[in-house]
Amino acid sequence: MAMVFLRAVVVALDGFLALTAAAGGVGLLAGINAPSVESLRGSPFRDYTIPGLSLLIVVGGVALLAAVLMIRRHWLAAHVSALAGVVIIGFEIVEVLVIASPAGVARTLQIFYFSLGLVIALLVGAWWLVAGREAPNPSRVACAGRPGQADSADVPLEDAFAAGKPAVKCVSRDPCLSGSIARGR
């Protein structure tokens with residue numbers, strides 16, 4: 001139950017981040033919601049093209065990929081969601097270092113998106129902890145298929161090894177986490 005709730009919240013946050021990063025990136029590129037170019041004085045940027053593309057492609061792309069992988073229950077979903085949180089945190093740190101943190105809406109948005117990235121990363125960490133507690137005994141269970149496949153059948157380790165099948169110890173019934181935790185990452 002906790003896993004379903006955590007997954008739903010992370011999907012919603014990843015999706016929100018993807019949509020707003022895409023809108024923000026397009027806005028910067030089109031000059032719709034871009035601060036004045038004078039804000040970039042002394043920075044490595046002449047205009048908002050690189051920041052806009054970074055926001056649109058890097059931040060929005062990673063967040064969209066995370067949301068899609070979460071929905072599809074891909075075994076890399078948790079890793080990519082954590083990465084999405086770290087990427088927006090990094091983007092906001094660079095933004096503050098480059099254009100500072102002017103009072104008003106800009107500062108509020110910087111704090112909001114930094115916090116959003118932190119919340120996403122913390123929720124993925126909580127998800128890993130919950131998955132570890134809900135896991136079957138890894139010394140008695142193996143996944144017959146590739147880690148992360150939802151249709152992997154749990155079989156006793158002895159049977160898997162006796163049949164000559166490659167077995168991967170499962171530590172979570174959640175296909176998004178079994179591959180990452182089984183590999184000790």
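The values are calculated or read from the model by the stated rules, or taken from the named source; none is laboratory data. In this text, all values refer to a predicted model and were calculated from it rather than measured experimentally. Here the Cβ is made from the backbone with ideal geometry for all residues, glycine too, and neighbour counts use every protein chain on show.
Determine whether region 68-80 contains at least one residue that is part of a helix (DSSP H, G or I), touching a helix residue (DSSP H, G or I) at 6+ places or on another chain (Cβ under 6 Å), over 15 Å from PHE16 (Cα atoms) and aromatic (Phe, Trp, Tyr).
For region 68-80, residues part of a helix (DSSP H, G or I), touching a helix residue (DSSP H, G or I) at 6+ places or on another chain (Cβ under 6 Å), over 15 Å from PHE16 (Cα atoms) and aromatic (Phe, Trp, Tyr): absent.
Here's the yes/no breakdown for (1) small (Gly, Ala, Ser); (2) free of Cβ contacts under 8 Å to residues at least 24 places away in the same chain; (3) in the same structural domain as GLY25 (by TED's automatic domain parsing):
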site: ALA63; (1), (2), (3): yes, no, yes
site: VAL68; (1), (2), (3): no, yes, yes
site: ILE71; (1), (2), (3): no, no, yes
site: LEU83; (1), (2), (3): no, yes, yes
site: ARG107; (1), (2), (3): no, yes, yes
site: PHE114; (1), (2), (3): no, no, yes
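Looking only at region 30-56, count every residue that is within 23 Å of VAL86 (Cα to Cα) and assigned to a helix (DSSP H, G or I) and tell me the total.
The initial filter retains those residues of region 30-56 that are within 23 Å of VAL86 (Cα to Cα), namely 43-45, 48-56.
Now restrict to residues that are assigned to a helix (DSSP H, G or I): 49-56.
Looking only at that region, the number is 8.
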